[in-house]
1. When DSSP beta bridges are limited to those with both residues in the chain, what percentage is antiparallel, rounded to the nearest 5?
2. Taking all protein chains together and a probe of 1.4 Å, list SER338, SER251 from the most accessible to the least accessible.
3. Put +1 on the Cβ of every Lys and Arg and -1 on every Asp and Glu Cβ in the chain; which of ALA243, TYR103, ALA269 then has its Cα farthest towards the positive end of the dipole?
4. Distance between the C-alpha centers of the stretch 3-38 and the stretch 343-374? Whole Å please.
5. Round to the nearest 10 and give me the degree value, 0 to 90, for the angle of helix 279-288's Cα axis relative to the longest principal axis of the chain.
6. What's the carbon and sulfur percent of the chain's accessible surface, probe 1.4 angstrom, rounded to a whole number?
7. List the relative contact order of the chain as a percent without decimals, with contacts defined as Cα pairs under 8 Å and 6+ residues apart.
8. Between LEU367 and GLU39, what is the label-point separation in nm under the 7 Å Cα-to-beta-carbon projection?
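The values are calculated or read from the model by the stated rules, or taken from the named source; none is laboratory data. In this text, all values refer to a predicted model and were calculated from it rather than measured experimentally. Counting neighbours? That spans all protein chains shown, and the Cβs are built from the backbone with ideal geometry, glycine included. For accessibility, only protein heavy atoms count, side chains too; no ligands or nucleic acids. Shrake-Rupley method; radii C 1.70, N 1.55, O 1.52, S 1.80 Å.
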Amino acid sequence: MQSVPLRLKKDQERRLLAGHAWVYSNEVDTAATPLTGLEPGQAVEIIAHRGRWLGHGYANPHSLICARLVSRRRGQPLGAALLVQRVRAALALREQLYAAPFYRLVHGEGDGLPGLVVDRYGDLLAVQITTAGMERLAPLVLAALEQVLRPTRIVLRNDNPMRALEGLAQGVHWVLGDDPGEITVAEDDLRFAVAPGGGQKTGWFFDQADNRRAQRRFGPTPRVLDVCCYLGAWGLQAAAAGAESVTFVDSADGALAGVTANAERNGLAARIDTLQGDAFDVLRALRDDGARFERVILDPPAFIKRRKDEREGARAYERLNRLGLALLAPGGLLITASCSFHLSREAFLRTVQSAARRTEHELQLLLTGAQGPDHPVHPAIPETAYLKTLFLRSLPTP
């Protein structure tokens, strides 16, 4: 792509020099390089106020994050060669980590490809593009993926609401091969049917896989409650580890049908039941019925999608955890997660502790989890460390 200069205001290069990759619109010297002269997705060379060259990137004048730095080498501009190199580097990491080709292959800024997410399901790739710059590079992105991985199917899962912030249309398109419907994903000894062309994210939540395994450290348990369960990965892992009964809660009938099918697929159907409805409403009803569980798992969707929603979202997390703790038996284990990158790990822990005080629980933090290594964190971009999973024990009452 042909690039144009994008000059920053005085002293606005400090974050980029420290390793960050985002440029905000109020950091641009619009007198020297007017944003109105840029097209969405335009390739740019980012330049400091005094003329220091900082890197290659792309811009979107209509977004708060108006530019994203992709390469810090002059001789490595945006283009086919850079994309192939980054995809190869991403693949090399995953092949070190995983025996089977089921993982997140590309994780945006964490893999040096902002605006691009690729999940791999064997020879099927589910691709999400969330920025105008990566949208403009889409043909080269697809060519790089085909060159490096030789997939038989590629689906563009461009139904992510983040695309609206970049002025991009939403949709799902198969660009290589046809839609196979459901495919099978293995997680340890369990098998799950997922649909990469539909469902949440790209059909599966690879980011919690290590945390789902970690719950086995705490041994079998009589009764488990899995809230916002999607296809049942958390609760079925608990059942496979010896849980006597698992109750799954989700607002979507389709998700619960998937739970039932996955339970049958793994010979666990006799130990599960499902409850359909809003998580808050179902938890209140269970509380009012006097239900108790030795393990409560809370893995909701992000309650905070924009920074201005932080206060209201934190209240929602506290409310959900308060209801979950009301159902936790003394000595039980609460596994609670937040995927809101605007909520820090420390703030999330404070929120859960506040819920504990209001329900008269004394908690012990036993383990903290994050997204798996196929979702690498960019050390200079805190927003890429989005997933927080806490394992907390409620102290038994005397």
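1. 65
2. Details: SER338 0, SER251 80 Å².
Largest to smallest exposure gives the sequence SER251, SER338.
3. Value: TYR103.
4. Comparing the Cα centres of the stretch 3-38 and the stretch 343-374, I get a distance of 37 Å.
5. Here the helix axis deviates by roughly 20 degrees.
6. On the way: 8650 of 17330 Å².
Carbon with sulfur: 50 percent of the solvent-accessible area.
7. Values: 828 pairs, mean separation 42.7, N = 398.
Relative contact order, the chain: 11 percent.
8. Between GLU39 and LEU367, the simple spin-label model gives 5.1 nm.
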